[in-house]
Every structure is written in structure tokens, then in C-alpha cells.
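Here the structure is laid out as C-alpha cells; the discussion comes afterwards.
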Amino acid sequence: MPIKKLFGATFLANPLTSEEGRRILERDHYCCQYCGLDGMSQFANSLMMTVDFIQPRARHGKKIPENLVTACRACNMIKGYRVFHDFAAAKAFVLKRRAELQKDWELERERLHSRTSATA
């Protein structure tokens, strides 16, 4: 019996090296492929750029350029370890979820602002 089956171990693709990550960021012009955030427009934006495995490493995604995209941290976190049929489906999910989170944030901000104004 293979050791992998005996112990339930699974083998993941190695994390990206700095050089591999830089190549993906350059290929995508430092622009989030989900929301379009431009990592070159401001220093703060550049700090938000990551490389996302479209098919997550945790789900046996391969470390190949076709499976890697530039993503801002927010989009990368929203997508998480979810598996999608293709990149278009992942992008649609991320953008829909971002819109929902923004709406919730705006409602909560307005509620807190109204409460603060009423006590003043």
C-alpha cells in the first residue's frame, strides 16, 4: 500500500518563489484579474497585490501560469479555497460577493452614523 494512502497524506504544489510570483504580476501588469485594482497606480495598491491559484493548491491546483492570476488581497480572500469550473465563474462569484459585502458595509456605516448623529 502506498504511504500516501496509508497516512492520508496529500502532496500540494510548492508555494511560488518570488521570481515566479513576479513573473505572474508582470504578465498581468500588476492588475487584479478579479476586480481590476491597478497595483501600479498607488503605492498602497501595490502592497495589496498577490498571486492566486485559480484551482487552489489545497485542492491540488498546479503551479502553472494558466492556473495563476494576479489578485488583490480582498479578492483572493473572498475566493478562498473554493473551486470553480473556470476563471470566469470564479470572477463572477468574487465580484458578486464584493458587491454584497459593500452593500452590507454601507448599510452598517449609515446605521452607525445615524445612531451617532442622534446622540449628539
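The chymotrypsin sites (Phe, Trp or Tyr not before Pro) found in region 31-120 that occupy coil by DSSP, while having at most 16 further C-beta atoms within 10 Å, are Tyr81, Phe84. Adding -39500 (n - 2.57) for every DSSP H run of four residues or longer, then dividing by how many residues the chain holds, sets the calculated 222 nm ellipticity at -15000 deg cm²/dmol. With a cap of 16 neighbouring Cβ atoms within 10 Å, and only residues DSSP puts in a loop, list the trypsin sites (Lys or Arg not before Pro) found in region 76-107. Answer by residue number: Arg82.
Excluding residues on the same chain fewer than 8 positions from Lys91, give the aspartates and glutamates whose Cα lies under 17 Å from its Cα. Once the sequence-local aspartates and glutamates are set aside, what remains near Lys91 is Asp28, Asp38, Asp52, Glu66, Glu100. Along each principal axis, taking the top coordinate minus the bottom one, the Cα set of the chain gives 70, 36, 24 Å in descending order. Seen against the Cα atoms of the chain and their longest principal axis, helix 18-27 is set at about 60 degrees. Model label sites at Phe87 and Arg27, defined 7 Å from Cα along the beta-carbon direction, differ in position by 0.8 nm. A simple charge model with +1 on the Cβ of Lys and Arg, -1 on the Cβ of Asp and Glu and nothing else charged puts the dipole of region 3-119 at about 520 debye relative to its Cα centre.
Among the trypsin sites (Lys or Arg not before Pro) in region 13-78, those located in a DSSP loop and surrounded by at most 16 other Cβ atoms within 10 Å of their own Cβ are Lys62, Lys63.
We did not get these values from a lab; they are worked out from the coordinates using the rules stated. Because the structure is a prediction, the values reported are computed rather than measured. Backbone-built Cβ (ideal geometry, glycine too); neighbour counts: all protein chains shown.
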